[in-house]
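J.: This is the structure I want to talk about, given as structure tokens.
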Amino acid sequence: MEIIIPIIAAVVGVCAGAGGIFAYNKKKENGGKDKADDLVRKAKREASDIVLNAKKEAAEITEKNQAEENERRKEWKKTENRLAERETTLDSKLDQLEKKSEKLNREEKEIEELKNEIRDIRVRQHEKLEKIAGLSKADARDKLMKMTENDIKQDLVGLITKEQKEIKHDIDEAAQAMLLTAMERMSSEVTADRTITALKLPDDDMKGRIIGKEGRNIQALQRATGVDIMVDDTPGMVVLSSFDPIRRQVARYALERLMKDGRINPASIEESVEKAEKEIEKEVVRAGEDAAREVGVVGIPREILHLLGELKFRTSYGQNVLLHSIEMAHVAGMIAEEIGADKRVAKTAALLHDMGKAVTHKIEGKHADIGAELAKKYGMPDNVVHAIAAHHDDIEPTTPEAIIVKICDAMSAARPGARNISAENFAERMKDLENIATSFPGIDKAYAISAGREIRVIVEPKQIDDLSALKLARDIANKIEATMSYPGVIKVNVIRETRAVEYAK
């Protein structure tokens with residue numbers, strides 16, 4: 001564009017000159033020759049000035065373009081120099097990398113050669129050691145293992161014993177705190193029911209009325225109630241004897257009604273017994289509802305409440321089953337609250353765990369299985385059914401609530417004075433405990449102590465070492481659990497003692 005400007009200026013000048021000539025010719029034709037000459041001269045001067053200016057501008061533009069081109073050439077030269085320097089640097093680095101790679105390859109070969117040499121040395125050393133010791137590598141390893149085992153055996157025994165003591169201490173403290181908290185909050189009466197009921201006679205004449213002519217009244221009363229009635233054993237008293245508490249209670253209500261009325265004959269006896277049975281039925285329903293209300297469990301089906309109420313007239317080793325269940329429900333709720341278990345499930349299962357005892361005389365089987373079947377039949381939740389079925393270890397408890405019910409059952413039954421156990425059964429259980437302990441090899445003596453809560457086993461120190469003593473205690477405990485039924489926990493204490501005796505003469 002800058003080169004074209006002078007050319008345009010030149011063309012303009014030529015055009016101006018041509019115009020001047022054209023104007024001159026015109027003037028000449030018209031007779032104005034002088035003026036035409038002046039115009040021609042003026043046009044030539046103007047054209048000359050335009051051309052000079054155009055040449056000047058063209059020269060300036062050419063000079064400017066030349067300077068820019070020189071600048072660009074310098075920049076291109078610098079770029080070429082930088083590229084050349086970079087290429088030289090890259091070539092140098094590549095050479096260095098190749099040298100390092102060659103060096104690494106040589107070092108790897110040297111290391112591999114050293115490894116092979118070390119392997120050969122070790123093989124030769126092993127061969128020399130085997131020749132010197134007269135043992136193969138496998139034999140030496142076995143001997144070393146035995147020596148190491150003997151060296152660390154005592155340390156292992158001490159460590160295991162220490163860890164067991166610490167774990168047992170922590171567990172015992174937590175369990176004791178939890179149980180003591182529950183027991184402090186729950187205080188119930190310690191009473192034991194008997195299988196007999198005594199009624200005081202208002203006078204001696206009433207005894208004859210109860211017996212009746214030729215004993216017909218007392219016989220009718222015994223037939224109607226199924227209870228043995230003894231009037232001659234205790235002066236001024238009538239004793240009712242039966243292992244069925246409900247029958248005994250019906251006989252008591254009926255006899256009290258008869259003595260109050262004064263008319264005693266077979267017809268009045270049947271009427272009194274019938275009324276007494278209705279009263280007992282009402283009392284059974286009321287007892288079940290009161291028990292559920294007392295422990296705060298709602299939504300129990302009416303059929304189950306009826307079975308629960310019947311437990312008021314049932315005993316287990318002299319312990320009232322309903323009171324035992326209510327006590328368990330309270331304690332189970334407290335323990336469940338302490339450990340974060342389901343409080344409602346624990347209390348419900350504890351309250352209903354023995355309801356199978358209400359129908360054990362009607363249905364064959366263990367009361368735990370019967371209770372679980374009845375709970376399932378009347379729509380109780382599966383976790384409640386499982387806790388009822390597992391409270392006597394007939395099945396393995398798998399939920400925290402089932403374990404709580406099992407613990408509460410053992411705790412309530414094992415309270416001093418809660419249950420009556422005959423001396424004969426007690427002695428038999430002690431003997432069974434000692435027989436189980438002495439059935440294992442290496443046992444010297446075994447003693448059942450603390451009312452059967454602990455079995456102390458004294459072993460032969462030459463036959464049983466410390467590690468074997470730990471295993472023996474666990475095996476004895478497992479056999480006791482598998483073969484005996486007992487409330488609470490039995491402690492197995494294995495004692496190993498080595499005495500060295502020497503005489504100085």
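J.: Restricting to region 414-429, count the residues that are surrounded by 12 or more Cβ atoms within 10 Å (Cβ to Cβ) and either modelled with pLDDT under 65 or among the charged types (D, E, K, R) (or both).
T.: Selection size over region 414-429: 6.
J.: Could you give every pair whose Cβ atoms fall below 6 Å, whose first residue belongs to region 387-409 and is within 12 Å of ALA341 (Cα to Cα), and whose second residue is in a loop (DSSP other than H, G, I, E, B), counting only separations of at least 6 or pairs across chains?
T.: If the second residue must be in a loop (DSSP other than H, G, I, E, B), the pairs left are PRO400/ALA341; GLU401/ALA341; GLU401/ASP342; ALA402/ALA390; ILE403/PRO397; VAL405/HIS353; VAL405/HIS391.
J.: Suppose the filter is modelled with pLDDT under 80, closer than 24 Å to THR161 by Cα and of a type outside the set (Gly, Ala, Ser); does THR498 pass it? Break it down stepwise before answering.
T.: Values: modelled with pLDDT under 80: yes; closer than 24 Å to THR161 by Cα: yes; of a type outside the set (Gly, Ala, Ser): yes.
Yes: the conditions hold for THR498.
J.: Let me ask you something else. So which of ASP465, ASP432, ASP475, ASP444 is at pLDDT 90 or above and of a type in the set (Asp, Glu)?
T.: Result of the check over ASP465, ASP432, ASP475, ASP444: ASP475.
J.: Another question about this same structure. Among the strands (runs of 3 or more DSSP E) contained in region 194-294, which hold 3 or more residues that are buried (at least 17 other Cβ atoms within 10 Å of the Cβ)? Give the derivation first.
T.: On the way: elements: 196-200, 228-230, 237-241.
Result: empty, no element qualifies.
J.: Continuing with the same structure: Out of the residues in region 442-472 meeting the condition of being closer than 20 Å to VAL489 by Cβ and among the hydroxyl-bearing types (Ser, Thr, Tyr), tell me which one is surrounded by the fewest Cβ atoms within 10 Å (Cβ to Cβ).
T.: SER450
J.: Between GLY299, GLY262, GLY309, GLY318, which is more than 30 Å from GLY208 (Cβ to Cβ) and over 38 Å from the mean Cα position of the chain (by Cα)?
T.: So the residue among GLY299, GLY262, GLY309, GLY318 that is more than 30 Å from GLY208 (Cβ to Cβ) and over 38 Å from the mean Cα position of the chain (by Cα) is GLY318.
J.: Which residues, counting only those in region 330-372, are among the aliphatic types (A, V, I, L, M), in contact (Cβ under 8 Å) with a residue 60 or more places away in the chain and more than 19 Å from THR398 (Cβ to Cβ)? Walk me through how you get there before you give the answer.
T.: As a first pass, look at region 330-372 and keep what is among the aliphatic types (A, V, I, L, M): 331-332, 334-336, 339, 341, 345-346, 349-352, 355, 358-359, 363, 368, 370, 372.
Going one step further and asking which of them are in contact (Cβ under 8 Å) with a residue 60 or more places away in the chain, we end up with 331-332, 334-336, 339, 341, 351.
Matches in region 330-372: VAL331, MET334, LEU351.
The values are calculated or read from the model by the stated rules, or taken from the named source; none is laboratory data. In this text, all values refer to a predicted model and were calculated from it rather than measured experimentally. Every residue, glycine as well, gets a Cβ built from its backbone with ideal geometry; the counts of neighbours run over all protein chains shown.
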